[in-house]
Amino acid sequence: MKVRMATDGDVPRLVEAWNGVLHHDQTSPERFRSAILGDPNYEPEGVVLAEGEGGEMLGLAAAVVRREVPGRDGAGSKWEFPRGFLKAFFVAEGEASDRAADPLLAQAEDYCRAAGKRVLMVTEYAGPHLFPGIDIRYQRLREILVSHGYQDAGTIEDVAADPRAPRFQTMLEQTWAGIASDVTVVTWKPSLLPAMRAFVSEGNMPQWFPVGWEQRYQESRDHTLILQKGGEILGWAQYGAVRPNTGFGPILVLPRARGNDYGALLLLECMVRARKQGSETMLAGWANTGFYARYGWQIVRRYAVFGKEL
């Protein structure tokens, strides 16, 4: 068995092995390259593979660190700076692959430890990634992590809803009935940029608004909704390109403005607008499940998050 840094030329074989094991996270060479090798925080020594004597892929460990608080992606925060992230990990089936877990995890840990990190998380990495945690259906993978000293650090959930259900239109109308008359919800226009800067600064969510975020807001965005009160932006939400399955989120209401149903208003406005544009299912990943459950969304996937002190 050989453990070495992964290269671009390894991607096709890595993806084939990945898809043979991670049945709920099928990927493509293009998506793999974008999420792993194309990450601004990518460093070659953080992404290692194990291969057998015949060149067969036995596993992968892709770790990432931010060398400074913002990171090269500009999305890091002070509270997570002591952490490294194992953003992708798998071992193929078989005894040889099981043995590969030892050196793969050891190299990921050594890499993060050398960067001064105190904890290695699997995963909760908010930069480019293929999954936010380990799907709970991957029992073998979870057992491997636990056997190497990783501890349960929480659960991440994806939720979904059918926006075609008539109740959502009714809920939106009822929500509007309780909203102050000077509150408006509009689609994004570049003229809102000065007020948006104040919102972003107070909201303090660099993973959603990394350094340079203004470049993405130079044109109108029909799927980005802005909630204003008296000319001040208090809430923001967005949904993806409308297909039968439409992604929703993120969504943010400033802490001082919460408790006024602004989050509900933004969520329901997005759902109704997406439905009118042809959406049949809306999906929110890495969700605040309690918030969505109040409006009839259902859990569709769970991920386990692990952590290990280094």
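The values are calculated or read from the model by the stated rules, or taken from the named source; none is laboratory data. In this text, all values refer to a predicted model and were calculated from it rather than measured experimentally. For neighbour counting, all protein chains shown are included, and Cβ atoms are generated from backbone atoms with ideal geometry for every residue, glycine included.
How many residues does region 213-239 contain that are part of a loop (DSSP other than H, G, I, E, B), modelled with pLDDT of 95 or more and not polar (S, T, N, Q)?
1
Among the listed residues 84, 71, identify the single one that is assigned to a strand (DSSP E or B) and either at pLDDT 95 or above or of a type in the set (A, V, I, L, M, F, W, C) (or both).
Among 84, 71, only 84 is assigned to a strand (DSSP E or B) and either at pLDDT 95 or above or of a type in the set (A, V, I, L, M, F, W, C) (or both).
Among 123, 170, 155, which is more than 28 Å from residue 39 (Cα to Cα) and not acidic (Asp, Glu)?
That would be 170, the only listed residue that is more than 28 Å from residue 39 (Cα to Cα) and not acidic (Asp, Glu).
For residue 290, state whether it is part of a helix (DSSP H, G or I), without any contact (Cβ under 8 Å) to a residue 40 or more places away in the chain and either buried (at least 16 other Cβ atoms within 10 Å of the Cβ) or not aromatic (Phe, Trp, Tyr) (or both).
Taking the combined requirement at face value, the residue satisfies it.
Can you go through 72, 66, 31 and tell me which one is surrounded by 14 or more Cβ atoms within 10 Å (Cβ to Cβ), within 16 Å of the chain's Cα centre (by Cα) and more than 23 Å from residue 101 (Cα to Cα)?
Every option except 31 fails the conditions.
Every residue, every condition in (1) without any contact (Cβ under 8 Å) to a residue 40 or more places away in the chain; (2) touching a strand residue (DSSP E or B) at 6+ places or on another chain (Cβ under 8 Å); (3) farther than 30 Å from residue 259 by Cβ; (4) not assigned by TED's automatic domain parsing to the domain that holds residue 226, yes or no:
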residue: 92; (1), (2), (3), (4): no, yes, yes, yes
residue: 102; (1), (2), (3), (4): no, no, yes, yes
residue: 119; (1), (2), (3), (4): no, yes, yes, yes
residue: 136; (1), (2), (3), (4): no, yes, yes, yes
residue: 147; (1), (2), (3), (4): yes, no, yes, yes
residue: 172; (1), (2), (3), (4): no, no, no, no
residue: 189; (1), (2), (3), (4): yes, no, no, no
residue: 194; (1), (2), (3), (4): yes, no, no, no
residue: 197; (1), (2), (3), (4): yes, no, no, no
